[in-house]
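Read the structure below first, then the notes.
The values are calculated or read from the model by the stated rules, or taken from the named source; none is laboratory data. Bear in mind that the values here come from a model prediction, so they are computed numbers and not experimental data. Cβ atoms come from the backbone with ideal geometry, glycine included; neighbour counts cover every protein chain shown. Ligands, DNA and RNA are stripped out before the accessible areas are found, and what is left, the full protein with its side chains, is counted by its heavy atoms. Shrake-Rupley method; radii C 1.70, N 1.55, O 1.52, S 1.80 Å.
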Amino acid sequence: MRSIAATRTIVCIATIVTSFVAAGHALAQAKYQLPPKVIVDILDAAPLPTVAVSPSRQQIALLERASMPPIADLSQPMLRLAGARINPKTNGPQRPPSVIGLSVKRIADGKTVRIPLPPGAKIEWVGFSPDSRRVAFTETRTSGIVLWVADTATGAAKPLTQPTLNGTMGSACVWVNAASLLCRTVPALRGLPPKPSAVPVGPNIQENAGKAAPVSTYEDLLKTAHDDALFEYYFTSQLAFVNAGTGVQTPVGKPAVFAIASPSPNGEFILVSRLKQPFSHLVPYSDFAREFEVWSRAGVLVRTIADLPSNETVPMLGVPIGPRDFTWNPNEPATLVWTEALDGGDLRTLVAQRDRLCVLQAPFTGPPSEWLKFQHRIQSITWTSANIALVTEFDRATRVRRTWTIEAGVARRAFEVSAEDRYRDPGRPVLKPRFGGGPGVIMQVSDWIYLEGDGASPKGDRPFLDRFNVKTFETERLFQCEGESYESVAGVLADDGRTLLTRYETARRPPNYLVRDLTTRSERALTDFKDPAPQLAGVERQFITYTRKDGIALSGTLYLPPGYAKGARLPLVMWAYPREFTDPAMAGQVSGSPYRFTTYTGASHLFFLTQGYAVLDNPSMPIVGPGETANDSYVEQLVASAEAAVEKVVEMGVADRDRIGVGGHSYGAFMTANLLAHSRLFRAGIARSGAYNRSLTPFGFQSERRTFWEVPDTYAKMSPFWYANAVRDPILLIHGEVDDNSGTFPIQSERLYMALKGHGATVRYVTLPNEAHGYAARESVLHTIYEMVTWFDRHVKNAVPKK
């Protein structure tokens, strides 16, 4: 039997421990926790396969993916160099590939051929050969990356290389023709990686000689001379042609750090972009100084097209001076096309035309010719199979996007629409199915091309397929989704556009692929994927609309849990992401469809449905203002949108006003912290991987392109860090410890936590080891959901009613 003194000692110790935790001191490192079993079971189920159509349009590839990698995979060695993250053991991306199975299905009869893979294989890149007789893929092993090729008719597969491919710059290989691929390989005589000096030889210094360099905030930049040496060591590749039948490799030119290595359509030339020293410590490698060159197939320099400096000094909203956006014309043997700015790359310069297109043909001996000039900034250029170019330009000031057809040097305006206007979007040109690495080519039959679009409308999205005459600009609708379903075009299987591959789903049926005959009005199922989450088959989904107090129309998708009793008021989770608009009418346009099948993947907020919550998903949070001024009233508009959403769900009788939580990821986390700082609409919040102090992103963020020094008051008012003393409701902060997103450095959450703690807020701060901006590992995903459910169960579902 304990003595009174001993009992008092125990009580005192308990009080001390309680006070210690309540004061906000760090707890010992926790173990990963699991959410309720129903959530674990859903996430562990195999996700739906990904589908790719072959160039012949006679087969599809089915790519089976792993649900989530273990944290051990994300704990592999990582070098963070020039904006990239690589595994030095594999010479590829640090995050492992997700494809674990591959098969080819014939469209005509549904016959499926499975490609045999080594046990535990992890597949990165998959690409059909131009003739569709082969499919190539890369396998990431612990020692490196291997190129495989398989026969699409028999499934017979074999490795073509040793684990010597270099995947640091993305896909290591592209098809050149049906018989060969061009690959980046690790140089044979590379030697050992550079070692850091045990003792520093001096300081690391950066200097600017009076030139403005308004760059964004980037993670993983080069910082030291040793970083420079590591970057050059791991990113240097030897180009080589690989015979698709024998695997014989033919080296091309000398090793270099290649940002681009693109074979010409006839396979006789290669456009290369070589990165040059000194490497920048202000921007990622995509903005490094570089030379653009044309090489012969043998690797001999034919011509230097451009020698460009780094993009450090490109102005806000600007583009680099000199040639940019190189591409081959896919209809000609070897013709290069690129864009050049006519305004010094600066939108603030008033000129009649901002951009021009330039052309240079083989044998690349003469001067390039100017093709056409454009009033606004060129966004894209794509060719039809009949060599008609479609060029799209964009005016930032008005948000207007124009698309021109160019034939025989004559430009004609085909479309002009606001980039914010989803209702009038004419659709996207249908491309011929691409082989691995080939340029996109618009499918043209006679004078017609095909356009597929979302079909946005006040009643939701209704995907469509039109055919568009490039001579007369006549449009004819061939197909549009009807009824209580969502059906989009995955491929045009016949030249006349009358046979389609579509992806069909309903609110109750998972997406599957159909062969649809528009002439006979018949369809045939090509796949039979099952619902990966039957536990949530009883979820009810409603598309709701409502109005903000300033008259702007808003919408969202309301989910009700299985077994919901009509009239019952539930705890509700609102999960959103604000967006900027210049036109109030466009801000109110409806997005999404009530007839889409709901998939549950990753650390989704929709898992609250398994715990008796209602969820209002993606309620509109438009921030509207002319020109660049939308954010001047960000807080007022944000709160007004949230108020309207709360009033709607309460009015519908599905939500308890006293038990509503709010959450978001990235810019949605920023939104969440602001709503808790500037309103008392919510009992608690969840903010994941956000940025909370805009003075740390001084050269812009999201759609904001004014600098901190131009509009300091706007930056300050938008920053919830500056209002940490006003947060009165509980907030859960979660952040990946190696967040790789521009602007959302982990210090953003760390500093907000310290500010909230300093003012006595109820706050919990969770960091996830080895996780980037999005959370990938099974342990991390499950623990994140555990934290979210536990937090809202405590502070929303079971909250003490407000007085």
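What the table below lists for this structure:
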{"item": "Mean-position separation - Cα centroids, region 106-149 and region 204-249, in angstrom", "result": "29"}
{"item": "Highest average packing first - 552-558, 521-527, Cβ atoms within 10 Å", "result": "552-558, 521-527"}
{"item": "Acute angle (nearest 10 degrees) that the helix 747-758 long axis makes with the longest principal axis of the chain, alpha-carbon atoms", "result": "10"}
{"item": "Dipole axis of region 228-337 (+1 Lys, Arg; -1 Asp, Glu on Cβ), positive-most option in Ala298, Leu308, Ala259", "result": "Ala298"}
{"item": "With Cα atoms, 0 to 90° folded angle of helix 634-651 axis to the chain main axis", "result": "70"}
{"item": "Theoretical gain in end-to-end length, Asp658 to Ala726 [0.36 nm per residue, Cα-Cα removed]", "result": "22.5 nm"}
{"item": "Average accessible area per residue (Å²) across the chain - probe 1.4 Å, nucleic acids and ligands excluded", "result": "44"}
{"item": "Descending principal axes extents, the chain, alpha-carbon based, whole Å", "result": "94, 75, 60"}
{"item": "Dipole of the chain, positive direction: furthest Cα of Ile406, Asn469, His281, with charges on the beta-carbon", "result": "His281"}
{"item": "Accessible area of Ser280 in the full protein assembly, 1.4 Å probe (Å², nearest 10)", "result": "10"}
{"item": "Chain lengthening between Asp41 and Arg509 when straightened (0.36 nm per residue, less Cα-Cα)", "result": "166.5 nm"}
{"item": "Carbon plus sulfur fraction of accessible area for region 198-251, probe 1.4 Å, in percent", "result": "56"}
{"item": "Förster radius 51 Å - calculated FRET efficiency between Ala298 and Ile100 (Cβ-Cβ, nearest 0.05)", "result": "0.85"}
{"item": "FRET efficiency, Leu189 to Thr767 (Cβ-Cβ, R0 41 Å, nearest 0.05)", "result": "0.45"}
{"item": "The chain: angle of helix 225-235 to the longest principal axis, Cα-based, in degrees nearest 10", "result": "60"}
{"item": "Global form of region 452-560, assessed from the alpha-carbon gyration tensor, a/c cut-off 1.5", "result": "oblate"}
{"item": "Solvent accessible area, Å² - Thr224, 1.4 Å probe, full protein context", "result": "40"}
{"item": "Spatially proximal aspartates and glutamates relative to Lys566 (Cα-Cα < 17 Å; intrachain offsets below 8 disregarded)", "result": "Glu540, Glu651, Asp656"}
{"item": "Qualifying GluC sites (Glu not before Pro) for region 695-746 [loop in DSSP, other Cβ within 10 Å: at most 16]", "result": "Glu710, Glu737"}
{"item": "Exposure rank, largest accessible area first [Ile686, Ile260, Ile305; 1.4 Å]", "result": "Ile260, Ile305, Ile686"}
{"item": "Ellipticity estimate at 222 nm from DSSP helix runs (n ≥ 4, -39,500 (n - 2.57)) divided over the chain, nearest 500", "result": "-4000 deg cm²/dmol"}
{"item": "Share of carbon and sulfur in the accessible heavy-atom surface of region 596-635 [1.4 Å probe, %]", "result": "49"}
{"item": "Residue pairs, from the table Lys211/Lys276; Lys549/Lys803; Lys122/Lys757; Lys757/Lys803; Lys31/Lys158, whose Cα atoms sit over 32 Å apart", "result": "Lys122/Lys757; Lys31/Lys158"}
{"item": "Per principal axis, descending, Cα span of region 191-271 in whole Å", "result": "52, 36, 21"}
{"item": "Total charge dipole magnitude, region 377-457, about the Cα centre, Cβ charges on Lys, Arg, Asp, Glu only, Debye to nearest 20", "result": "180"}
{"item": "Heavy-atom accessible surface of region 288-415: percent carbon and sulfur, 1.4 Å", "result": "51"}
{"item": "Label point at Lys223 placed 7 Å out along Cα→Cβ; residues across region 722-737 whose backbone nitrogen lies under 19 Å", "result": "736-737"}
{"item": "Global form of region 116-260, assessed from the alpha-carbon gyration tensor, a/c cut-off 1.5", "result": "prolate"}
{"item": "Separation of the Ser143 and Phe543 label points, Cα + 7 Å toward Cβ, nm", "result": "5.5"}
{"item": "Solvent-accessible area of Tyr285 with every protein chain in place, 1.4 Å probe, in Å² to the nearest 10", "result": "50"}
{"item": "Linear extension gain, Asp131 paired with Lys530, 0.36 nm per residue minus alpha-carbon span", "result": "140.5 nm"}
{"item": "Pairwise label distance in nanometres, Lys211 with Ser380, each label 7 Å out on the Cα-Cβ vector", "result": "3.2"}
{"item": "Estimated distance in nm for a label pair at Asn798 and Trp709, the labels positioned 7 Å out from Cα along Cα-to-Cβ", "result": "5.3"}
